[in-house]
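Everything on this sheet refers to the single structure shown next.
The values are calculated or read from the model by the stated rules, or taken from the named source; none is laboratory data. The structure displayed is predicted, hence computed values, not measured ones. Methodologically, a virtual Cβ is constructed for each residue, glycine included, from the backbone with ideal geometry; neighbour enumeration extends over all protein chains shown. Areas reflect the complete protein model, heavy atoms only, side chains present, ligands, DNA and RNA absent. Shrake-Rupley method; radii C 1.70, N 1.55, O 1.52, S 1.80 Å.
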Amino acid sequence: QMQLVESGGGLVQAGESLRLSCLASGTILSIDVMGWYRQAQGKQRELVATMTSDGRTTYADSIRGRFNISRDNAKNTVYLQMNSLKPEDTAVYYCAAKEVKTNIHRYLEAWGRGTLVTVSS
């Protein structure tokens, strides 16, 4: 069974950095898109950044220039380097994957359980 497992969240002060990681476990054959979404308390889940298997990226305007998404296809892992963090970046960050092919199943979409990032002022 394929799972997305996030790590790297925590509590930091404004201006500091964090790096999130997300591993897709299981016998993965391919993953089209991997990325990150976030949901702040009382708000809707929103896109942060995504990356296709051939390296095309999408970023939310609110984090452009501060966050960087990268991917290691061989390790089925996606990363989110977050720099110059602001209190408004506080949220649960979710890993997502689209069009995941394993040896036994094709997943149109998959989500991790989320990792909390808290930025204090």
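On the accessible surface of the chain, probed at 1.4 Å, how many percent belong to carbon and sulfur atoms? Carbon and sulfur together cover 46 percent of it. Each other residue within a Cβ distance under 10 Å of Ser30 adds +1 if Lys or Arg and -1 if Asp or Glu, for a net charge of 0. The trypsin sites (Lys or Arg not before Pro) found in the stretch 14-45 that occupy coil by DSSP, while having at most 12 further C-beta atoms within 10 Å, are Lys43.
Just checking the listed ones, Asn73, Asn83, Asn103: in the Gaussian network model of the chain with Cα springs under 10 Å, the one fluctuating most is Asn103. Determine the sum of side-chain charges near Val117: Lys and Arg each +1, Asp and Glu each -1, restricted to other residues whose C-beta is under 9 angstrom from that of Val117. With Lys, Arg at +1 and Asp, Glu at -1, the neighbours total 0.
For the stretch 16-33, the Karplus equation 6.51 cos²θ - 1.76 cosθ + 1.60, evaluated at θ = phi - 60°, returns couplings of 7, 10, 9, 10, 9, 10, 9, 9, 8, 8, x, 8, 8, 9, 6, 9, 6, 10 Hz by residue, with Gly and Pro reported as x. In the context of the full set of protein chains, the stretch 55-121 has a per residue accessible area of 55 Å² (1.4 Å probe). For the stretch 32-56 and the stretch 58-114, what is the separation of their Cα centres, given in Å? For the stretch 32-56 versus the stretch 58-114, the Cα centre distance is 5 Å. For the set Asp61, Asp54, Asp89, the ranking by accessible area, highest first and with no ligand, DNA or RNA atoms included, is Asp61, Asp54, Asp89 under a 1.4 Å probe.
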